[in-house]
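The values are calculated or read from the model by the stated rules, or taken from the named source; none is laboratory data. Quick caveat, the model's predicted, so the values are computed rather than measured. No Cβ is skipped: glycine too gets one built from the backbone with ideal geometry, and neighbour counts run over all protein chains shown. Note: areas computed on protein heavy atoms with side chains; ligands, DNA, RNA excluded. Shrake-Rupley method; radii C 1.70, N 1.55, O 1.52, S 1.80 Å.
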Amino acid sequence: MTLMTLIASHRGGTHLWPENTRLAFSNTAKLAVDLVEFDVHQTRDNRLVVHHDALIDRMTDGKGAIADFSYDELMRHIVIGSGGETIPTLAETIDIFGPSAIDLRLEIKTKLDGKAYDGMEGRIADELLASGVLGRTMVTSFSLSRLEAFGTALDERGLNVGELLGLVFLCLPQTVAQLGWEGILAAIGRFGVRDIALRAETIDADVMELFGRNGVTVHGWAAHTSEAARAMFRLGVASFTTDRPDLAIAAKHS
């Protein structure tokens, strides 16, 4: 077992508190985790907000796509079970973790139709720079083109992806089924991405060896049980997300 594997509290601990809320993030900030994972969308008037879905229907008392709301309109809606909270901004989320030892695992989201938010990667880069947390941030996406756009945004600001904790492609099992491991390696190679995150149950020693041989760092996602967390430590993935960070912390020391 390696103790270098980092624990990321997924959406602030989805199975413990309402996901992607100030409540979840404030509680996560008190835990012995290494990273907090969260998702970024953009409002109609270009404000960066932290929410998983492109729609607000599942998590709030409202309905509709974040892209269609102005920030002020979005703030009229309350996150269910949060005690009256609104959807937090990226800046508010950074403020919670700024004083802590917990680093950021930020996922770049897309609109409901899968299209990119105009200029969002540049705005995220500016926010991370202004807050002084660029070097404490792992940027992830299920879209290689969004990772490329973030790299371009850094280039335009005289920086590069080497300033980050990591630039990570989130890979769905369906993508693996379609392309195969060699196809995945070719795809990330074309985009210059050297970190990949795989669903926890798809990672084994052979997968670790394959990517390691090709100079690619493996991360995990959706390790929500004690058994899954122990497997992540045993395999030596670089980091993994979990909805139960409390179980992962216990597994680390078991």
Average projected area of the Cα convex hull of the range 132-205, in nm²? 5.4
In sequence order, calculated HN-Hα J values of the range 49-65 (Karplus, 6.51, -1.76, 1.60; Hz; x Gly/Pro): 10, 9, 6, 6, 7, 5, 9, 9, 4, 5, 10, 10, 8, x, 9, x, 8
GNM result for the chain, Cα springs below 10 Å: residue of Arg213, Arg230, Arg146 fluctuating most strongly: Arg213
Computed on Cα atoms, Rg of the range 54-115 relative to 2.2 N^0.38 Å comes out at 1.25
Full extension from Ser143 to Gln178: what is 0.36 nm times the residue separation minus their Cα-Cα distance, to one decimal in nm? 11.1 nm
Net charge of neighbours whose Cβ lies under 12 Å from the Cβ of Thr110, counting Lys and Arg as +1 and Asp and Glu as -1: -2
Given backbone amide H placed at 1.01 Å from N, residues whose amide H is under 5 Å from that of Leu6, ignoring those fewer than 5 places away on the same chain, are Ser239, Phe240
If the viscosity is 0.692 mPa s and the temperature 37 °C, what Stokes-Einstein diffusion coefficient in µm²/s follows for the range 10-160 when Rh is the Kirkwood radius over Cα pairs? 212
Quick one: accessible area per residue over the chain, 1.4 Å probe, rounded to a whole number of Å²? 42
If I build a Gaussian network model for the chain, linking alpha-carbon pairs within less than 10 angstrom, which residue out of Gly84, Gly189, Gly151 has the largest mean-square fluctuation? Gly84
What 222 nm value per residue comes from the helices of the chain, counting each DSSP H run with n ≥ 4 as -39,500 (n - 2.57) and dividing by all residues, nearest 500 deg cm²/dmol? -10000 deg cm²/dmol
Diagonalise the Cα gyration tensor of the range 168-228 and give the resulting equivalent ellipsoid semi-axes, square root of 5 times each eigenvalue, largest first, whole Å. 19, 12, 11
Accessible area of the range 109-151 with a 1.4 Å probe: how many percent of it is carbon plus sulfur? 47
